[in-house]
Amino acid sequence: MIHLSRRAALVGLGALPAAPALAQQRTIKALLGWPPGGSSDIVARTYAERLRAPLNANVLVENRPGAGGRIALEAAKAAPADGSLYIQTPASMLTIYPHLYKSLRYDALVDFVPVTTVCAFPFAFTVRADHPAKTLAEFIAWGKGQQQIAWASPSPGTMPHFMGVGFARETGLPMNHVPYRGGAPVMTDVLAGVITAGMNVLSEPTPFHLGGQMRILAVSAPQRIPRLPEVPTFAELGFPALTKQEWFGVLLPAGTPAGVVQPLHAALAAASRTTEVQEVLTKLGSAPEIMEPAAFVERIRSERESWGPIVAASGFKPEEG
């Protein structure tokens, strides 16, 4: 009978193949530039839960808020290009910020490998239900006779703000932007008649539209929304330039090999087809949206170019920092 010392036995065990449970200890960080609890956080965590099995890794969401999402993007840019970290970010940080900040320290198409969008949020142009205009065409005709039309967005320098600026440019209406702090106050003042119109994420006015207190005149989605089949899109009303959505996209640090990019893309695509992800996004007023990496690159490029003239026309100057 052979007797092994305790030390020798441990060395021998170290040479054995790792148990399946231990082999799954690899951790992938899903970086987020926003605090917990918001829609971006909910989307990131919903997807992360369904990436663990296909990627054979523990996917942890890390919230790193600050500077309107820029701090997280700068951190992701500097991360190793080995698949140990990806970032989920709203479109605005990639397509609008380049026109706002002179000192932006990242470039979406240079410092990152775009993987895919994961969902999209359209916008809605709304008025109170008793407004004389029942359609967008009637609103434009009504607006031509006004000296000034007060309209609101949830915050200055955001996509709804610039959507409204684009609407004013397209129609020639005398639109006067009134910035608010959040979507809920916009809804309150549109309903109260303090503000004539609002441009909001679609999910915010939808309950009031369905309840008969508010009227959505148009949505910025490419097609009509199944839940609101009676509401036309800007494009079908003659304003295709207003087909814009705030999407959330996943990116990896520049230099990440295709052998990492493709499995992550496939895992995100599979997650988007699950009932759980679709139900969560529906509650947020969104829907899954998956693109091939090459198409995502082109989307970032084209949308970044299209926002330039609109941001310039707004005259908006953000605070640096």
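List of remarks:
- Cβ-placed point charges (K, R +1; D, E -1), dipole of the chain about Cα centre in debye, nearest 20: 600 debye
- Once the 1.4 Å probe is applied to the protein heavy atoms, the chain comes out at 47 Å² accessible per residue.
- Length-normalised contact order of segment 167-215 in % [C-alpha pairs under 8 Å, at least 6 apart]: 24 percent
- Three-way shape label, segment 255-321, alpha-carbon gyration tensor, a/c 1.5: oblate
- For Thr233, nonlocal amide neighbours, meaning residues 5 or more places apart or on other chains whose placed amide H falls under 5 Å from its own, are Val219.
- Each DSSP beta bridge with both residues in segment 96-254 is either parallel or antiparallel, and the antiparallel ones are about 70%.
- Rounded percent of accessible protein surface that carbon and sulfur make up, the chain, 1.4 Å probe: 57 percent
- Ordering of 74-80, 273-279 by packing is 74-80, 273-279, highest average first (other Cβ atoms within 10 Å, averaged per residue).
- In this structure Trp151 has an accessible area near 0 Å², from a 1.4 Å probe over the protein heavy atoms.
- Between the amide H of Val61 and those of Ala30, distances stay under 5 Å, these residues lying 5 or more places away or on another chain, with hydrogens modeled in the peptide plane.
- Heavy atoms of Ile290: accessible area, 1.4 Å probe, square angstrom to 10: 60 Å²
- Peptides 220-233, 83-96, 190-203 ordered by average Cβ neighbours within 10 Å, highest first: 83-96, 190-203, 220-233
- Taking a ≥ b ≥ c as the square roots of the eigenvalues of the alpha-carbon gyration tensor, the chain is classed prolate because a/c is 1.5 or more and a/b outweighs b/c.
- Backbone HN-Hα couplings from phi across segment 176-181 [Karplus 6.51/-1.76/1.60, Hz, Gly and Pro as x]: 10, 6, 10, x, 10, 10
- Annotation: the antiparallel percentage among DSSP beta bridges lying fully within the chain is about 60.
- Shape call, segment 37-91: gyration tensor on alpha carbons, a/c limit 1.5: oblate
- Pairs exceeding a 29 Å alpha-carbon distance, out of Lys77/Lys102; Lys134/Lys283; Lys283/Lys317; Lys102/Lys244; Lys144/Lys244; Lys77/Lys317: Lys283/Lys317.
- Debye equation applied to the C-alpha atoms of segment 169-321, log10 I(q)/I(0) at 0.13, 0.20 Å⁻¹: -0.83, -1.47
The values are calculated or read from the model by the stated rules, or taken from the named source; none is laboratory data. Model, not experiment: these values are computed from the prediction. Here Cβ is always computed from backbone atoms with ideal geometry, including for glycine, and neighbour counts include all displayed protein chains. The area values use the complete protein model at the heavy-atom level, side chains included, leaving out ligands, DNA and RNA. Shrake-Rupley method; radii C 1.70, N 1.55, O 1.52, S 1.80 Å.
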